[in-house]
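**Q** Please read through the structure below; I'll follow up with questions.
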Amino acid sequence: MIRLLVLILALCAPAALAQDERIVLGLSETRVAITADFQGSQIMIYGAVQRYSPEPDGDLGVIVTVSGPPTQVMVRKKERRLGIWINREKVRIGRAPSFYAVATSGPIGEVLSATDNLRYKITIPRAIRAIGISAQAENAPSFVEALERIRTREDRYVMAEGMVRVTGGTLFRTDVQLPANLIEGNYDVRVFLTRDGHVVDMFEDSIGVQKAGVERFIHALAHEQPLIYGLLSLVMAVAAGWGASAAFRFVR
């Protein structure tokens, strides 16, 4: 009986050790309003490592991810035929974040193991869910790479290695730039604390992004009252055309 108890305690020891460090997190903003002159927003993510015992051995790592609302994406491959670009193959990616940023305290290969990357889906390729695409086209993974490349160029996918500043092995901070082309929804914030590349704690929060002012009214009208929105658009188009015609006659 005593031997069994000792064995159970030995097996539970690593799990207990992993709970000796906790993340305490803060966000500079929890709400972002999209207005007519919205040019993006910078979010400061900061926090501390709370410890209940002396600091354990192993290299400390901090990883921060910010993920926008996921959407289904159709990626098409164009080919030039007889001087004309036409769509040839296409792949439907079931779930890809509309925005995704990763910031780390060091090289990603040093602060995160491949096993935990697979488990928590931290890096950009892991965050894109492209299950079952191999049957849709030849060399289907290249379509996922193309999506990542395009959105990286648009600043919608960001990999910022070494941009989390850790002070004294306790305090950490990073800044994440949200671009102007955001969509509405909740942006999930995750912070991972690692030791020798293995996750020992994780903290989750969210940032709400919503249209405000006239943009919010127009968006709500278009989605909730499409008939009224269509009629108003028609009236405005007719009025604009009549006004332009009247102004042209006056100038003549």
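Read the figures in this text as sums done on the coordinates, not as results from a lab. Only a predicted model underlies this, so the values are computations on that prediction, with no experimental measurement involved. Heads up, the Cβs are rebuilt from the backbone with ideal geometry, glycines too, and the neighbour counts pull from every protein chain shown.
**Q** Ser41's amide H: which non-local residues (gap 5+, or another chain) put their own amide H closer than 5 Å, with H modeled 1.01 Å from N in plane and none for Pro or chain starts?
**A** Close amide H contacts, sequence-distant or interchain: Leu178.
**Q** Also: How high is the relative contact order of region 77-139, in percent, with contacts defined as C-alpha pairs under 8 Å that are six or more residues apart? List each step's numbers first, then the result.
**A** Details: 48 pairs, mean separation 24.1, N = 63.
Over region 77-139, the number comes to 38 percent.
**Q** A further question follows. Charges at C-beta only: +1 for Lys and Arg, -1 for Asp and Glu. How large is the resulting dipole of region 12-210 about its Cα centre, in Debye rounded to 20?
**A** Numbers: 24 positive and 24 negative charges, 242 e Å.
Dipole size: approximately 1160 debye.
**Q** Still on this structure: Go through 177-184, 57-64 and give me the packing order, highest mean Cβ count within 10 Å leading.
**A** Working: 177-184: 15.8, 57-64: 19.1.
Top of the packing list down: 57-64, 177-184.
**Q** Right, something else. Report, in cubic angstrom per residue, the convex hull volume of the C-alpha atoms of region 12-210.
**A** Residue-normalised Cα hull volume stands at 137 Å³.
**Q** Using the charge dipole of region 12-210 (Lys, Arg: +1 at Cβ; Asp, Glu: -1 at Cβ; taken about the Cα centre), state which of Gln136, Ser53, Gln42 has its Cα farthest towards the positive end.
**A** Selected residue: Gln136.
**Q** Another question, if that's okay. Report the charge-dipole magnitude of region 141-207 in Debye, nearest 20, computed about the Cα centre from +1 at each Lys and Arg Cβ and -1 at each Asp and Glu Cβ. Intermediate results must be reported in sequence, preceding the final value.
**A** On the way: 8 positive and 12 negative charges, 39 e Å.
Its charge dipole is roughly 180 debye.
**Q** Okay, next question. So what's the net charge close to Pro56: Lys and Arg +1, Asp and Glu -1, counting the other residues with Cβ under 14 Å from its Cβ?
**A** On the way: positive: Arg22, Arg51, Arg195; negative: Asp20, Glu21, Glu55, Asp57, Asp59, Asp196, Asp201.
Once positives and negatives cancel, what remains is -4.
**Q** Further question: Please give every one of the lysines within straight-line cross-link reach of Lys90, meaning a C-alpha to C-alpha distance under 22 Å, and leave out same-chain neighbours fewer than 8 residues apart.
**A** Cα-Cα hits under 22 Å: Lys77, Lys78.
**Q** Give the long-range amide H neighbours of Phe99: residues separated by 5 or more places, or on another chain, with amide H under 5 Å away, using H modelled in the peptide plane at 1.01 Å from N.
**A** Gly68
**Q** Can you give the local net charge around Thr115? Use residues other than it whose beta-carbon is closer than 15 angstrom to its beta-carbon, Lys and Arg +1, Asp and Glu -1.
**A** Values: positive: Arg119, Lys121, Arg126, Arg195; negative: Glu110, Asp116, Asp196.
Overall, the nearby charge balance is +1.
**Q** Counting only other residues whose beta carbon sits under 15 Å from that of Asp155, what net charge do I get with K and R as +1, D and E as -1?
**A** Values: positive: Arg149, Arg151, Arg153, Arg156; negative: Glu148, Glu154, Asp175.
Local charge sum for Asp155: +1.
**Q** If amide hydrogens are placed 1.01 Å from N in the peptide plane, which non-local residues have theirs closer than 5 Å to the one on Glu89?
**A** Hits under the 5 Å cutoff: Lys77.
**Q** Taking 8 Å as the Cα distance limit and 6 or more residues as the minimum spacing, I'd like the relative contact order of region 12-210 as a percentage.
**A** Working: 419 pairs, mean separation 65.8, N = 199.
The normalised contact order for region 12-210 reaches 33 percent.
**Q** I'd like the FRET efficiency for Asp59 and Asp155, computed as 1/(1 + (r/R0)^6) with the beta carbon distance as r and R0 of 35 Å, rounded to 0.05.
**A** 0.70
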